[in-house]
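Peer 1: Pasting in a structure now, in structure tokens, and then I'll have a few things to ask.
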Amino acid sequence: MTLGELIPDVRRLVRDTDADLHHHADGTILSALVDGVEALRSANHEARYVNGVLTDLEWPADAAGFASFDPLVRRKWRLGVCYFAAGRIFETDTTDTVNAQLSAEMFKKAAAEFQR
């Protein structure tokens, strides 16, 4: 699973699916997904292991590499990473009380998924 493969899932969560009128750039979503992977690895230390081996992620050196980067996240945590990224996207406009509420809800869902 690459970070780029998760972009459509995050777009569905934040209701940004009209291809002609995307409100959020792919780069913004990729950045939020990176935050989600880091939050997962911080919240659940099991997520740091790949095939029983403690693994450090080496993030791409340039922004272009993030879409094709595989952060080695197990399928069971994929939704949690997407929830976290959606929370981060909603968080960018917390002056709108609905977005603030949605952000908090997404972060809460992410935390629950990270404990699976």
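The values are calculated or read from the model by the stated rules, or taken from the named source; none is laboratory data. Note that the structure is predicted; figures quoted are calculated from it, not measured. Here Cβ is always computed from backbone atoms with ideal geometry, including for glycine, and neighbour counts include all displayed protein chains.
Peer 1: From the list Gly4, Gly36, Gly27, exactly one residue is part of a helix (DSSP H, G or I) and modelled with pLDDT under 95. Which is it?
Peer 2: After applying the criteria, what remains is Gly27.
Condition check ((1) within 23 Å of Lys108 (Cβ to Cβ); (2) touching a residue at least 12 places away in the same chain (Cβ under 8 Å)) across all residues:
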residue: Ala25; (1), (2): no, no
residue: Gly36; (1), (2): yes, yes
residue: Leu40; (1), (2): yes, yes
residue: Thr55; (1), (2): no, yes
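Peer 1: Quick one: is Asp16 at pLDDT below 95, surrounded by fewer than 13 Cβ atoms within 10 Å (Cβ to Cβ) and either over 10 Å from the mean Cα position of the chain (by Cα) or part of a loop (DSSP other than H, G, I, E, B) (or both)?
Peer 2: No.
Peer 1: Can you tell me which residue among Ser42, Ser68 is exposed (fewer than 13 other Cβ atoms within 10 Å of the Cβ), in a loop (DSSP other than H, G, I, E, B) and not aromatic (Phe, Trp, Tyr)?
Peer 2: So the residue among Ser42, Ser68 that is exposed (fewer than 13 other Cβ atoms within 10 Å of the Cβ), in a loop (DSSP other than H, G, I, E, B) and not aromatic (Phe, Trp, Tyr) is Ser68.
Peer 1: If Arg116 satisfies all but one of (1) of a type outside the set (Gly, Ala, Ser); (2) assigned to a loop (DSSP other than H, G, I, E, B); (3) crowded, with 18+ Cβ neighbours inside 10 Å; (4) over 13 Å from the mean Cα position of the chain (by Cα), what's the number of the condition it fails?
Peer 2: (3)
Peer 1: Being under 20 Å from Ala25 (Cβ atoms) and either within 12 Å of the chain's Cα centre (by Cα) or assigned to a helix (DSSP H, G or I) (or both): is that true of Arg88 here?
Peer 2: When the stated conditions are applied, Arg88 passes them.
Peer 1: Can I ask one more? Can you find a residue in region 82-92 that is of a type in the set (Val, Ile, Thr), closer than 13 Å to Glu113 by Cα and surrounded by 16 or more Cβ atoms within 10 Å (Cβ to Cβ)?
Peer 2: no
Peer 1: Could you count how many residues in region 57-78 are free of Cβ contacts under 8 Å to residues at least 60 places away in the same chain and of a type outside the set (Phe, Trp, Tyr)?
Peer 2: 11
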